[in-house]
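Just below is one structure, and these are the notes that go with it.
All of the numbers you see were taken from the coordinates with simple rules; none came from a lab. These figures come from a predicted structure and were not determined experimentally. Please note: Cβ atoms are built from the backbone with ideal geometry, for glycine as well, and neighbour counts cover all protein chains shown.
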Amino acid sequence: MDQYVPAAVSILFHGLAYAMILYVISVGLSVTMGLMGFANLAHGVFAMAGGYLTVSFMNPLGLDFVSALVVAVLAVAAISVVLERFLYVRLYEASEIEQVLFTIGLIFMAIAVAKFIWGPLPQHLPLPGVLHSQIEMMGRSFPTYRAFIIVIGMLIAFGLWAGIERTSFGARIRASVDNRRMARSVGIDTDRLFTFTFALGSGLAAFGGGVGAEIMAIHPGYPVEHLVYFLIVVAVGGMGSVRGPFVAALLLGVSDTACKYLLPELGAFFIYVALFAALLWRPAGLFGRA
Amino acid sequence: MLGSFALRRLFPPSRAPTTSPVEYMVRSHRLRWPELLPWVVVIACYQGFPSYLALGSQVMIMVLFALSLDLIMGYAGIVTLGHAAFFGVGAYSAGLLAVHGWGEPISALAVAAVVAGLLGIVTGAVILRTHGLTLLMLTLAVVSMLSEAANKAGSITGGADGLQGITLSPLLGLFRFDMFGRTAYIYCAVVLLLAWAFMRVLVHSPFGRSLTGVRENLPRMHAIGAPVHRRLVTAYAISAALAGVAGALQAQTTQFVGLNVISFDLSGAVLIMLILGGVGRLYGAFIGAPIYLIAQDMLSRLDPVYWFFWVGLLLVVVVLFARGGILGLFDALRRRIVR
């Protein structure tokens, strides 16, 4: 019995940290997909951009970790607004296949640009000394970096929940997700709402990419490598909610870590089987409304 | 959609006299001369570029693969990111048969078609109950699952090293697969010709028309009592079988099966080829696949990074400005000249 407890604690801890990053990156995708029904496969590009910019602001430009992260998040959010206003907006009424292809095109271009500027190797995030240490708890030590990510993730999840459920802005988002036409007819400017949500979602993705750069390494293949996982979080959680992706990210993060730790010879096979089963059982996601 | 339909009802194009639906269908099925152009090119390339026959075979295999995708995506409107699952299963079926002593190529092709088709029926029956993002995710889940399985079952598939040691007996017992790829080229061309003829009959048949109906107006197809789910699964299985044949051809002509035959990347690439040529036109595959592969061959020799950038830009431009692909542009041009 005693030998299993440390393994379980370790899996839970690492799984939680991974889940929080997945959540922070994917939640924006969930809300924008629910709002506009836009299949934005290029969401991971914003996370990658956040990671690259954070590293670059720190290393050649000499900012500290927190301010580099903040500047990177703001920059990515600004870029995303430009993309949304000039390109995405043309495809809201287009068919799914066109949205998928368009965003795959964006991914390819982003990969090429990233490789051109930063080269093919993964980027190293120089963490501040505080995050390098270990926290001693119950006779075991946990890396501070991952504990920090778990705390940050929980805070963001709570903040988003409060923002969506307790503010009038959140009420407008919920109204638009439920029924865009009706929301528009009662005077909600859904277009502006969407632009703002899109920027917020991209900024969160950039934050997740930057903060999680030591867990999900930043390299040019990033948007494709993790695409399936982001989509799993959205599809299993149910589009347009902030609670669904949280639960889905927890399930995915912990079970993926457990699979890789306990059954490395099976790899991610179980995850795909579980995804398949989950989507057949609840096609609109665990918390989605059909 | 409704608006343009109503407009067409109000202002029928002057050049097309009103005909009965049957006449329209028969006329659109009649063979026109440009449809023979691909075959002229196939023969001309055999004579003109004898040192590029391997690339030629590869192009024809991808044309066949894209053609199979056109049936479900262009005609039935099923968006899939996992079509390489069937290509890969076909490739591994043919490859494993050859490695274990069944070197006869044509029967292996048939086995690959059956295996991929069965997989199409099983997965299609399940995943085609959903639509939209869920369907997209499920197709992605299927290909990821199989890819992971092929990767981990290294003792059977060779894993990341690939399946090696494929040896084929002579085609029809007469023609050996030579090192210049002449036999392989003709073999691929004949298989593609047969598949094209089959697809052409299929999409102009009532079955093919009903698929278009499902794509254009699902509620109405339900309302007139069409067995929508069964039609979609049938189309999915046929498409899967054709993709399996393409995969088997690839395994046989290159005598190697790598993990990339069953990847998300290949699913994406074939999608791009089809979009580039034009979806739902039967000939998009014949235009898109060669252009994509030849451009890749030339550009990636310069630098694979730039290749990615240009493909991405091309996709964005096609989606924003040329939704019918190259064939769509061609149609628009012709309409402008005729007017």
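The longest stretch of chain A left intact once loop-based GluC sites (Glu not before Pro) with at most 14 other Cβ atoms within 10 Å are removed from consideration, loops following DSSP, is A:94-264. Relative to the first principal axis of the alpha-carbon coordinates of chain A, what is the inclination of helix A:168-178, with its axis defined by its Cα atoms, in degrees from 0 to 90 and to the nearest 10? The helix A:168-178 is inclined about 70 degrees to chain A. Only one residue of A:Ile173, A:Ala77, A:Leu125 has its Cα farthest out toward the positive end of the dipole of the stretch A:57-182, where Lys and Arg carry +1 and Asp and Glu -1 on Cβ, and that residue is A:Ile173. Among B:Thr139, B:Thr167, A:Thr144, the ranking by other beta carbons within 10 Å of each residue's beta carbon, starting with the fewest, stands as B:Thr167, A:Thr144, B:Thr139. Highest GNM mean-square fluctuation among A:Met109, A:Met239, A:Met216, for chain A modelled with Cα contacts below 10 Å: A:Met109.
Of B:Ser155, A:Ser67, the sequence from fewest to most neighbouring Cβ atoms within 10 angstrom is B:Ser155, A:Ser67.
Over the stretch A:81-186, what is the mean sequence separation of C-alpha contacts under 8 Å (at least six apart), divided by residue count, expressed as relative contact order in percent? Computed value for the stretch A:81-186: 9 percent relative contact order. Please check which bits of the stretch B:85-105 a label hung off B:Phe256 would reach, taking the label as a point 7 Å along Cα-to-C-beta and the cut-off as backbone N under 17 Å. Answer for the stretch B:85-105: B:91-92, B:95-96, B:99.
Our estimate of slack between A:Ala78 and A:Gln134, defined as 0.36 nm per intervening residue step minus the Cα-Cα distance, is 16.6 nm.
In vacuum, with every alpha carbon of the stretch B:34-262 counted as one equal point scatterer, what does the Debye formula give for log10 I(q)/I(0) at q = 0.14 Å⁻¹? Two decimals, please. Here log10 of I(q) over I(0) equals -0.88.
Taking chain B as a Gaussian network of alpha-carbon nodes connected by springs under 10 Å, the highest mean-square fluctuation of the residues B:Leu172, B:Leu218, B:Leu140 belongs to B:Leu172.
Compactness of the protein assembly as shown was expressed as the Cα radius of gyration divided by 2.2 N^0.38 Å, which yields 1.02.
Helices that extend 24 Å or more along their long axis by alpha-carbon positions and average at least 1.6 on the Kyte-Doolittle scale are, among the DSSP H runs of chain B, B:53-70, B:105-127, B:304-321. Here is the result for the stretch A:225-290: no chymotrypsin sites (Phe, Trp or Tyr not before Pro) lie in DSSP coil with at most 11 other C-beta atoms within 10 angstrom of their C-beta. When A:Leu160, A:Leu63 are arranged by Cβ crowding within 10 Å, least crowded first, meaning fewest neighbours, the order is A:Leu63, A:Leu160. Positive end of the dipole of chain B (Cβ unit charges, origin at the Cα centre): among B:Pro290, B:Ala184, B:Ile156, the Cα lying farthest that way belongs to B:Pro290. Over the stretch B:34-262, Cα pairs under 8 Å with separation of 6+ residues give a relative contact order of 43 percent. Rounded to the nearest 20 debye, the dipole magnitude of the stretch A:120-261 is 420 debye, with +1 charges on Lys and Arg beta carbons, -1 on Asp and Glu beta carbons, and the Cα centre as origin.
Note on A:273-286: average number of Cβ atoms from other chains within 10 Å of each residue's Cβ is 4.
Inter-chain neighbour count for A:86-99: the average number of beta-carbon atoms from partner chains within 10 Å of each residue's beta-carbon is 3. Near A:His219: Cβ cut-off under 10 Å, other residues only, Lys/Arg at +1 and Asp/Glu at -1. The net charge is 0. Across chain A, the relative contact order, built from alpha-carbon pairs under 8 Å that are at least six residues apart, equals 37 percent.
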